[in-house]
């Protein structure tokens, strides 16, 4: 009991407060959109915070002594991703969800966390020699396997997140610029080949719609146009709880998930959106602080990976709501509706919270 109290006392409660604030914003806005979704999200948050506290009570340094635990977790998530190609139903033209009765789970969300943990272990031991071609190749395989599976689903958003996580680790590990430029060139070739041979017509339409904002306003660009209207008409203080016309009249598509930022700003204004972004950045800064204060490389890289993951998802979500980036179906961390994203991110924050809570003798 005494050690449990000490661990709770050592938790970063400012980080907890930031996550709780995002959770509160999520519940308030989702309750405005749908009461049934609100109750489901409330349950997810309660379960999520339970997972957070439980995972923060574990000394994850012990797991690092058993490589098969980390590797096993990574392999299981990849296998779950592989199963989606054969057993996942098609939802919004993608096969991303595994269903178990009335329960649906998106393995790509767990795979993002698994990749962060796997690369943290890898780079903690080999970051000094990352320029060696063997180390580069190994790290590439770790990210490429899940990335190519979600690309086939097709889930562009998750695939881009996997790419971004890997590049983020490489940049802070001192990769040589010529290797980086070769990687960018190969990626450009892959993008060109994908456009020619892999992308389906509707996927090409989405890219054309992003590059030409006025293209097909009642079709491919409809959601982004409605999002811009919602944000642009909000004013300083917003239209008020439950008063957002684009949100409440269902002009705004997916207001609880992909376009929840637009829905939130419409009802709470530029001021509310500004505060929301500040809270999110505060969460990132607390994670960075924990990483800087950590005593081992794994903890530092884990915090780095979490920041990269959360920041990429934030940029893709908000960027697509503003029409600055293509709509690729990426959630706003701790704000968008959904259990898969919420529970896996709560698990990751719990592992991060275990760093300051770790007993020191």
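All of the numbers you see were taken from the coordinates with simple rules; none came from a lab. Here the structure is a predicted model, which means the values were calculated and not measured. Neighbour counts run over all protein chains shown; Cβ positions are idealised from the backbone, glycine included.
How high is the FRET efficiency from residue 126 to residue 82, r the C-beta distance, R0 25 Å, rounded to 0.05? Once rounded, the FRET efficiency stands at 0.40. Note on region 2-357: along the principal axes its Cα atoms extend 57, 55, 42 Å, ordered by decreasing extent.
Here the scattering of region 251-333 is modelled by Debye summation over its C-alpha atoms, one equal scatterer each and no solvent; at q = 0.11, 0.17 Å⁻¹ the log10 of I(q)/I(0) is -0.35, -0.72. Our estimate of slack between residue 35 and residue 71, defined as 0.36 nm per intervening residue step minus the Cα-Cα distance, is 8.9 nm. In this simple spin-label approximation, residue 222 and residue 104 carry label points 7 Å from Cα along the Cα→Cβ vector, and these lie 1.9 nm apart. Working from label points 7 Å from Cα in the Cα-to-Cβ sense, the residue 184 to residue 9 distance is 5.1 nm.
Helical content of the chain, expressed as a calculated mean residue ellipticity at 222 nm, amounts to -24000 deg cm²/dmol (DSSP H runs of 4 or more residues, -39,500 (n - 2.57) each, divided by residue number, nearest 500). Roughly how many Å is it from the Cα centre of region 240-312 to that of region 152-175, as a whole number? Taking the Cα centre of each part, region 240-312 and region 152-175 sit 19 Å apart.
Here the label points at residue 295 and residue 194, each 7 Å from Cα along the C-beta direction, are separated by 4.3 nm in the simple model.
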